[in-house]
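Presented below is the structure to which this report refers.
The values are calculated or read from the model by the stated rules, or taken from the named source; none is laboratory data. As the structure is a prediction and not an experimental result, all values here were calculated from the model. Note that we place each Cβ from the backbone using ideal geometry, even for glycine, and neighbour counts take in every protein chain shown.
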Amino acid sequence: MGDAAMSALTPILILAVALLAVFFEASFDAPRRWLGAQVDLLPGLMVYVSLSSNLLMVLAFALVSGFALDSLSANPPGATVLPLLVLGALMQRFRHLLLSGEIYAQWLLGLGASAGVPLCTVLLLMALGGAPLVSWGSVWQWLVMAAVGSVLTPLYFLVFDQLRWMFGYRPVQETSFRPDREIARGRN
């Protein structure tokens with residue numbers, strides 16, 4: 001597959017995974033029952049998107065995944081978009097300073113993102129005059145979301161790097177010797 005096809009395939013794959021993550025969060029209740037908290041898969045994905053794509057892809061991911069999540073939750077439309085966009089824009093801006101290839105850095109960035117996005121969303125809802133349900137149980141939910149997001153973020157890097165390796169174009173290493181060249185040996 002050529003380089004142009006891969007550059008078109010990567011955003012499509014990322015947005016499809018974002019929509020699947022929103023669908024998983026809304027449809028499957030088992031993680032919520034097992035852990036006592038709803039996991040949020042989008043902040044870790046935003047870490048991957050912001051460190052591996054351009055700002056336009058960060059904006060597209062924040063809009064598509066944020067509005068999709070808000071349409072399936074009690075949040076007003078756009079409440080998740082702004083925290084995701086701020087996270088992605090900040091990481092995109094300073095990605096040259098981040099060690100995005102290291103697993104421990106991916107883990108730490110996922111931890112910060114998975115803790116920061118829900119907190120910013122709650123603060124945004126309060127600032128807009130909403131009354132989100134916040135109690136001491138919310139601290140447990142927040143800790144679980146941060147822990148699960150930190151574990152999943154390196155997995156996102158692994159999965160998307162494997163997809164890029166499987167479907168991406170790898171240039172052939174050419175040598176200076178042609179395979180049809182004859183080497184004359186002996187005495188002439």
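Quick notes on this one:
- Scanning the range 160-173 for residues that are surrounded by 14 or more Cβ atoms within 10 Å (Cβ to Cβ) and either in contact with a strand residue (DSSP E or B) (Cβ under 7 Å, 6 or more places away or on another chain) or hydrophobic (A, V, I, L, M, F, W, C) (or both) yields a total of 2.
- Wholly within the range 1-118, helices (runs of 4 or more DSSP H) carrying at least 3 residues that are more than 13 Å from the chain's Cα centre (by Cα) and of a type outside the set (Lys, Arg): 3-27, 30-35, 55-71, 81-93
- SER138 being among the polar types (S, T, N, Q), modelled with pLDDT under 90 and surrounded by 13 or more Cβ atoms within 10 Å (Cβ to Cβ): yes
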